[in-house]
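Comments concern the structure below.
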Amino acid sequence: MNTRQSKTGYLILADGTVLEGKRFGADRDSIGELVFTTGVEGYVETLTDPSYYGQIVMQTYPLIGNYGIMEADFEGKCALKGYVVREYCETPSNFRSEYDLDTFLKNNDVPGIYGIDTRALTRKIREHGVMNAIICSEIPEDLTDVKEYIIRDAVKNVTCDEAYTVSPEGEAKYRVTLLDYGAKRNIIRKLNSFGCEVKVVPSTTTAEEILADHPDGIMLSNGPGDPAENTGCIEEIRKLLSQVPIFGICLGHQLMALAQGGETYKLKYGHRGGNQPATVTYGANAGHTYITTQNHGYAVRPESLAGRGEVSFINANDRTCEGMVYPDKSAFSVQFHPEAHAGPHDTSFLFRQFVELMEEWRNA
């Protein structure tokens, strides 16, 4: 329950729909692409996932902020344009909590709004697709800026500035280069847990620079925006294929497909949340369905990769492509997040498969 006196604010959609609520977080106007996420927990990870760059994120779960903010759970730098919730809890109850949600939003200059009928708004987005919106204190007369807003240079704005290395506890068994397109920190943690020393490099790093380090494997990270925009990254991935084992996650999955001559397209409202079902379609576990964490608005068109790759997972809800394998390239990718912070961890075995692929490559 929120007891403080809050300033009236508005969430206005590009189609002219006006929703009145209460302001919290940064006291400024902000335009972004409005999307929803269905996770019932993990809002700290959502708020710090770089894949949300340029977007106003709405939580479908009604109560947010009840367990506070814990910086140890951050996945990266907050890149949201705004935050929308039904009910904001101003008094978190959690022994790990360091401060409240309002403070986090203010610290990161992110405007928020609560008291919104998120259930009705989610139904609207599901019917009409994602659309631009503005969080503001006064209703603007002209919505041209909202309607014309486009997310540009997303990866450029979230990648690391320079390379750095994170070592595992104990002896490093493998050396992995992680191309940072907006990487979540738990990818590094998971690789470390499998004995991998991880060198994180900016998205602009060339194939020649990567191969000069002689890594045992390459990881293509998650990230925001339209995958087809990243023409330079796609060209460098094309040079890396068949040179060393590669594992792609989310945007990395899409970029790998584009590097093989495939196509991507924008989904109506995307897949965001920690409860997305993905069914195996390739290998010994075909037919098995896992619950996965996802955050993406684009998908790979698998028929565009006919003869070059095999679909390994499909979404059990809408049958879209959730994974590809390229056996002749020693490469595979998934649309979901097997590192799954804050869960579920059903598909963490994919990191083991990556390690096994590196071991096979090393012994070949």
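Relative contact order for the chain: 15 percent, from Cα pairs under 8 Å spaced at least 6 residues apart, divided by residue count.
The structure-derived value of Rg/Rh (Cα atoms, Kirkwood Rh) appears in the list (1) 0.98; (2) 1.01; (3) 0.94 under the label (1). Using the Cβ-Cβ distance between N108 and N363 with R0 set to 41 Å, the FRET efficiency from 1/(1 + (r/R0)^6) comes to roughly 0.30. With a 1.4 Å probe and every protein chain kept in, tell me what percent of the accessible surface of region 189-319 is carbon plus sulfur. Ligands and nucleic acids excluded, carbon and sulfur give 48 percent. For the chain, the solvent-accessible area works out to 42 Å² per residue, with a probe of 1.4 Å and every protein chain left in place. Each part reduced to its alpha carbon centroid, region 52-84 and region 114-153 end up 17 Å apart. Residues Y83, Y114, Y149, ordered by accessible area of protein heavy atoms at a 1.4 angstrom probe radius and largest first, appear as Y149, Y114, Y83. Over the chain, dividing the summed -39,500 (n - 2.57) contributions of all DSSP H runs of at least 4 residues by the number of residues returns a 222 nm mean residue ellipticity of -6000 deg cm²/dmol. Between I56, I113, I139, the GNM of the chain built on Cα springs shorter than 10 angstrom shows I139 fluctuating the most. Residues whose amide H lies under 5 Å from that of L178, counting only those 5 or more places away or on a different chain, are K199, V200, V201, M219; hydrogens are built 1.01 Å from N in the peptide plane. In order along region 270-282, the Karplus-derived 3J(HN,Hα) couplings, from 6.51 cos²θ - 1.76 cosθ + 1.60 at θ = phi - 60°, round to x, 10, 9, x, x, 9, 9, x, 10, 9, 6, 10, 9 Hz, and Gly and Pro are given as x. With contacts taken as Cα pairs under 8 Å at a separation of at least 6 residues, region 61-188 carries a relative contact order of 25 percent.
Near K124, which lysines are there with a Cα under 16 Å away, not counting those fewer than 8 places off in the same chain? By straight Cα distance, K124 reaches K268.
Taking each of K81/K266; K77/K173; K106/K199; K239/K329; K22/K184 in turn, the alpha-carbon distance tops 22 angstrom for K77/K173; K106/K199; K22/K184. With both labels modelled 7 Å from their Cα along Cα-to-Cβ, the D153 to T91 distance reads 4.6 nm. Normalised by the number of residues in region 198-294, the average gap of Cα pairs under 8 Å and 6 or more apart makes the relative contact order 23 percent. Close amide-amide hydrogen proximity is noted between T264 and R301, each under 5 Å apart and 5 or more residues distant or on a separate chain (H modeled in the peptide plane; Pro and chain starts excluded). For the peptides 344-357, 162-175, the ranking by mean Cβ contacts within 10 Å, running from highest to lowest, is 344-357, 162-175.
In this Cβ point-charge picture (+1 for Lys and Arg, -1 for Asp and Glu), region 1-121 has a dipole of about 300 debye about its Cα centre.
The values are calculated or read from the model by the stated rules, or taken from the named source; none is laboratory data. Worth saying up front: this structure is predicted, and the values here are computed from it rather than measured. Here Cβ is always computed from backbone atoms with ideal geometry, including for glycine, and neighbour counts include all displayed protein chains. Just the protein is used for accessible areas: all its heavy atoms, side chains included, with ligands, DNA and RNA removed. Shrake-Rupley method; radii C 1.70, N 1.55, O 1.52, S 1.80 Å.
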